[in-house]
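Mind having a look at this structure? Questions to follow.
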Amino acid sequence: MTKTLDTDLFDELTVDAGEEKQEEPQVDMSMPAYGSKEWHDYIMAKFEPRELIDGNPICAGLRRVAEDVLGSIVSSRPSQVWPSTDVNGPGRATVVFEVVINWMDSGELRTFAEVADVWHGNTDDLFCAHPVATASTRAEGRALRKALKVKCLAAEELAKKDIVSIVRQSVSADKGIDGEWNEEDVISLPQTNFIDAKCKQLDINVMNFVNAGSEHYKSIAEVSKQTASKMLSTLNEYQTKNKSIPDKLLGYDSNWR
């Protein structure tokens, strides 16, 4: 009789232990579908206060949240680098950065890449001294926010400088015959390149943006310098969130020229 009781007790303990081993891991049921309307707010709530500057996440925070939500980062590196060639100053540097994620740790690898440039006109002086490193951080932040599908800029992409005024000054060398700036002249190449760069950064269709006003242009070459300056001001307001970007302008196309 005693032997039977011992066996029953052992069997019961074995069953209990087996039941404990079969417990399934907890799943975050609050996670919305990737890229859904609720996705942005869900991701932004993941950032700690120290990882946000005026509501914009820093690159380190984007990296942490990406691994927490999307899966392990298996590769994170600059794939192309164009360093400054200016021997007398910080100059301009451009970096393409690539992030490879083990998607949801499923074994599927997804690659996200972005480009960023740094020069004295779009970067605060403290970081302008290290253009390649700063451009690399900016490009990584852009790649990570692309992966996370957040509708904001990384903190490293912003600057306290009045970028529009600096751009205007940088094209002041392009003058009329009398040596003065002529606002009725056609748009300058630096203005065109800056509009293209800003539209790419904000995912704006260039020609849709150019034709968003009362005038219709077949080519950006028909735009005057004065109108181009106003366009630059509008893009700056979009970047600083003083104005919201209309949905009809979204969708950058690199073949717009």
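Pairs please, first residue from the stretch 112-130 and over 23 Å from residue 148 (Cβ atoms), second anywhere and among the hydroxyl-bearing types (Ser, Thr, Tyr) and modelled with pLDDT under 90, Cβ atoms under 8 Å, 6+ apart in sequence or on different chains.
Going by the 8 Å Cβ cut-off, the qualifying pairs are 121/170.
Restricting attention to the stretch 191-238, and to residues there that are among the acidic types (Asp, Glu) and under 27 Å from the mean Cα position of the chain (by Cα), which single residue is surrounded by the most Cβ atoms within 10 Å (Cβ to Cβ)?
196
Looking at residue 51, is it closer than 26 Å to residue 239 by Cβ, modelled with pLDDT of 95 or more and acidic (Asp, Glu)?
Yes, satisfied.
How many residues does the stretch 148-162 hold that are under 9 Å from the mean Cα position of the chain (by Cα) and assigned to a helix (DSSP H, G or I)?
Residues in the stretch 148-162 being under 9 Å from the mean Cα position of the chain (by Cα) and assigned to a helix (DSSP H, G or I): 1 in total.
Keeping to the stretch 207-244, report how many residues are within 19 Å of residue 151 (Cβ to Cβ) and not aliphatic (A, V, I, L, M).
Counting residues in the stretch 207-244 that are within 19 Å of residue 151 (Cβ to Cβ) and not aliphatic (A, V, I, L, M) gives 12.
Starting from the stretch 34-53, take each residue that is without any contact (Cβ under 8 Å) to a residue 12 or more places away in the chain and list its partners that are hydrophobic (A, V, I, L, M, F, W, C) and assigned to a loop (DSSP other than H, G, I, E, B), counting only C-beta distances under 9 angstrom and pairs at least six apart or across chains.
50/58
Same structure again: Restricting attention to the stretch 215-257, report how many residues are of a type outside the set (Gly, Ala, Ser) and in a loop (DSSP other than H, G, I, E, B).
16
While we're here: Which of the residues spanning the stretch 128-142 are buried (at least 23 other Cβ atoms within 10 Å of the Cβ), of a type in the set (A, V, I, L, M, F, W, C) and over 13 Å from residue 77 (Cβ atoms)?
The one that is buried (at least 23 other Cβ atoms within 10 Å of the Cβ), of a type in the set (A, V, I, L, M, F, W, C) and over 13 Å from residue 77 (Cβ atoms): 135.
Pick out the one residue from 35, 61 that is outside any loop (DSSP other than H, G, I, E, B) and under 18 Å from the mean Cα position of the chain (by Cα).
Selected residue: 61, the only one of 35, 61 that is outside any loop (DSSP other than H, G, I, E, B) and under 18 Å from the mean Cα position of the chain (by Cα).
The values are calculated or read from the model by the stated rules, or taken from the named source; none is laboratory data. Source: prediction; values computed, not measured. Positions of Cβ are generated from backbone atoms using ideal geometry, with glycine treated the same way; all protein chains shown enter the neighbour counts.
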